[in-house]
Every structure is written in structure tokens, then in C-alpha cells.
Amino acid sequence: MGIIYQTDKRSGITYAYENQSFWDPELKRSRSKRKLIGRVDPETREIVPTDGRCKKRSPSYVPGTDDYEMPKTMKELKAEVLRLLKENKALKEQLEKLTSK
């Protein structure tokens, strides 16, 4: 058993896998199974656990104060879009006031 590092050519992200080798009697050769451990942080080279489905959250994930929670239903999504449109309008008005001075 060992750890294998593999880089995704499309995204450039390096993933760490736990590798388990075994003998396949039908094919009469060595085979291996890999289990995803997580992403490798490019700066610290630490393995950050992930579930492998492009999700930021894993069992060890602790949400931060600035994390955004994506709406789960269309009704929630519509409400979020309306909220963002109102916020955008308010920010434009604020910007207009500041630039007119």
C-alpha cells in the first residue's frame, strides 16, 4: 500500500490516491485499486480531503464565515436572484452618489 500523486492535465490539480496492489489470478498479472484521499495543496503540499465529485465539502469540512450556500430549489434560487438584483441596484446608486460629488 502506498500513496500515488496524479496531476489532472485539464485543471492542473494534483490528487493523492491510496494504492492497493493485488494479484489477479484470471489475468495472471498484478492489478491495483486506488482510493481518492484528496487534493494536494500546491503551496504546502498537504493533502486536503475531498469526496472526488468536485465538491468543496468533505467529511472534515468546517464552513467559514464567508462561505456561500448555494440555493437548493428553484424558489430559493429565484429569491436569491431577486435579492442580488436589489443589492446590485443599491450599489449602483451608491456608486453614482460617490462619483457625482
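The values are calculated or read from the model by the stated rules, or taken from the named source; none is laboratory data. What you are looking at is a predicted structure, and each value in this text was computed from that prediction instead of being measured. Backbone-built Cβ (ideal geometry, glycine too); neighbour counts: all protein chains shown.
Checking each residue in the stretch 1-10 for being surrounded by 10 or more Cβ atoms within 10 Å (Cβ to Cβ) and without any contact (Cβ under 8 Å) to a residue 12 or more places away in the chain picks out Gln6, Thr7, Asp8.
Yes/no per residue for (1) of a type outside the set (Val, Ile, Thr); (2) at pLDDT below 85; (3) surrounded by 12 or more Cβ atoms within 10 Å (Cβ to Cβ):
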{"position": "Gly12", "(1), (2), (3)": "yes, no, no"}
{"position": "Tyr15", "(1), (2), (3)": "yes, no, yes"}
{"position": "Ser21", "(1), (2), (3)": "yes, no, no"}
{"position": "Arg29", "(1), (2), (3)": "yes, no, no"}
{"position": "Arg34", "(1), (2), (3)": "yes, no, yes"}
{"position": "Asp51", "(1), (2), (3)": "yes, yes, yes"}
{"position": "Cys54", "(1), (2), (3)": "yes, yes, no"}
{"position": "Asp66", "(1), (2), (3)": "yes, yes, no"}
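For the stretch 36-46, a tally of residues being aliphatic (A, V, I, L, M) and modelled with pLDDT under 90 returns 2.
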